[in-house]
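Notes for the one structure printed next.
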Amino acid sequence: MFSPYYKLARRRTGVADPENHCALNVALYGPGGRWSMTERGRRSVWRSEDRFAIGPSEAAWEDGGLTIRFDEVCAPVPKRLRGVVRLTPARLLDRAFAIDGGGRHEWRPIAPVARVEVACEAPALSWAGEAYFDCNEGREPLENAFRSWSWGRARTRDGAAILYDVESKRSGPLRLALAIDGAGNFLPTPTPPLSALPRLLWGMPRAVWADAGAAPRLEATLEDAPFYARSRVSTRIAGEDVALMHESLSLDRFAMPVVQAMLPFRMPRRA
């Protein structure tokens with residue numbers, strides 16, 4: 001959905017084949033971290049009911065969990081990134097939420113609570129911990145519907161808390177706050193106030209939720225891009241101190257020609 005090649009193809013022809021613009025994004029943070037997102041064309045894409053292969057990498061549904069095998073080369077510095085991720089959901093949920101006010105874009109929190117095992121060959125490391133699995137789908141480009149959004153997910157004592165703050169081009173602001181308990185029940189909860197974190201090198205704004213009287217604390221900036229930021233934040237939501245994975249996305253910035261011209265340096269294409 002962030003492919004500059006897909007956007008260019010739509011501009012040229014009006015319609016473009018999404019299966020000709022597929023990529024698996026792998027981001028490894030921390031010391032020696034690596035990042036890859038190589039786009040491939042339809043000849044390198046294969047899928048069935050339970051398997052989706054993109055070049056040398058694939059995602060497969062196996063034994064009640066999601067297994068991702070990746071074998072990629074980083075850009076712009078070419079380093080190998082190879083390994084396996086195994087995600088096991090606590091339970092699978094089947095509910096979609098409209099996030100654009102018009103029903104063209106939906107978000108599905110498929111497994112708000114899950115476990116993950118990671119085994120990397122390049123670089124050589126492994127670990128296990130908690131995980132989260134969701135998906136977005138839409139019937140038009142994101143930049144046609146949204147100006148920006150903020151999203152966050154936190155593990156709670158009873159399950160998970162997920163928050164969305166969306167600026168839609170058609171319907172204005174939309175705020176969504178969900179508490180999900182261990183049985184998979186969705187419990188609407190009041191949306192906490194937003195607090196601003198310091199801006200990054202690219203000037204991306206970051207608005208984070210925190211109960212009244214609480215101050216969110218930035219633990220780490222994981223991504224700092226012209227139109228996207230990912231952060232790890234400590235905050236308090238519904239009276240509970242939580243560790244929040246947070247993202248800020250600006251579709252207005254993404255659509256700027258200068259940003260589109262920069263993207264191929266991080267996202268090469270192999271037709």
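Side notes on the structure shown:
- Qualifying residue in the stretch 183-201 (condition: of a type in the set (A, V, I, L, M, F, W, C) and in contact with a helix residue (DSSP H, G or I) (Cβ under 9 Å, 6 or more places away or on another chain)): no
- Some residue of the stretch 159-177 being among the hydroxyl-bearing types (Ser, Thr, Tyr) and farther than 18 Å from residue 252 by Cβ: no
- Of the residues making up the stretch 179-198, at least one is in a loop (DSSP other than H, G, I, E, B) and closer than 16 Å to residue 247 by Cα.
- The lone exception for residue 88 - which of (1) farther than 30 Å from residue 264 by Cβ; (2) among the polar types (S, T, N, Q); (3) in contact with a Pro (Cβ under 7 Å, 6 or more places away or on another chain) it fails: (3)
- Per the listing 156, 235, 191, the residue uniquely under 26 Å from residue 112 (Cβ atoms), of a type in the set (S, T, N, Q), crowded, with 17+ Cβ neighbours inside 10 Å and touching a Leu at 6+ places or on another chain (Cβ under 8 Å) is 235.
- Residue in the stretch 13-53 that is nearest to residue 221 (Cα to Cα), counting only those that are assigned to a strand (DSSP E or B) and of a type in the set (Val, Ile, Thr): 26
- Taking the listed residues 126, 150, the one that is among the polar types (S, T, N, Q), free of Cβ contacts under 8 Å to residues at least 60 places away in the same chain and either closer than 22 Å to residue 99 by Cβ or out of contact with any Pro (no Cβ under 6 Å at 6 or more places or on another chain) (or both) is 126, with no other qualifying.
- Checking each residue in the stretch 125-147 for being among the small types (Gly, Ala, Ser), at pLDDT 95 or above and either surrounded by 15 or more Cβ atoms within 10 Å (Cβ to Cβ) or out of contact with any Asp or Glu (no Cβ under 9 Å at 6 or more places or on another chain) (or both) picks out only 131.
- Residues of the stretch 21-63 that are surrounded by 15 or more Cβ atoms within 10 Å (Cβ to Cβ), over 19 Å from the mean Cα position of the chain (by Cα) and under 24 Å from residue 228 (Cα atoms): 40 alone.
- Taking the criterion of being in contact with a strand residue (DSSP E or B) (Cβ under 6 Å, 6 or more places away or on another chain), of a type in the set (D, E, K, R) and either part of a helix (DSSP H, G or I) or over 24 Å from residue 28 (Cβ atoms) (or both), the only residue of the stretch 224-263 that qualifies is 252.
- In a residue-by-residue description of the stretch 242-251, the property of being touching a helix residue (DSSP H, G or I) at 6+ places or on another chain (Cβ under 9 Å) and either hydrophobic (A, V, I, L, M, F, W, C) or at pLDDT below 95 (or both) applies to at least one position.
- Within the stretch 158-178, tally of residues that are within 22 Å of residue 94 (Cα to Cα) and either more than 21 Å from the chain's Cα centre (by Cα) or part of a loop (DSSP other than H, G, I, E, B) (or both): 1
The values are calculated or read from the model by the stated rules, or taken from the named source; none is laboratory data. Please read these numbers as outputs of a predicted model, since none were measured by experiment. Heads up, the Cβs are rebuilt from the backbone with ideal geometry, glycines too, and the neighbour counts pull from every protein chain shown.
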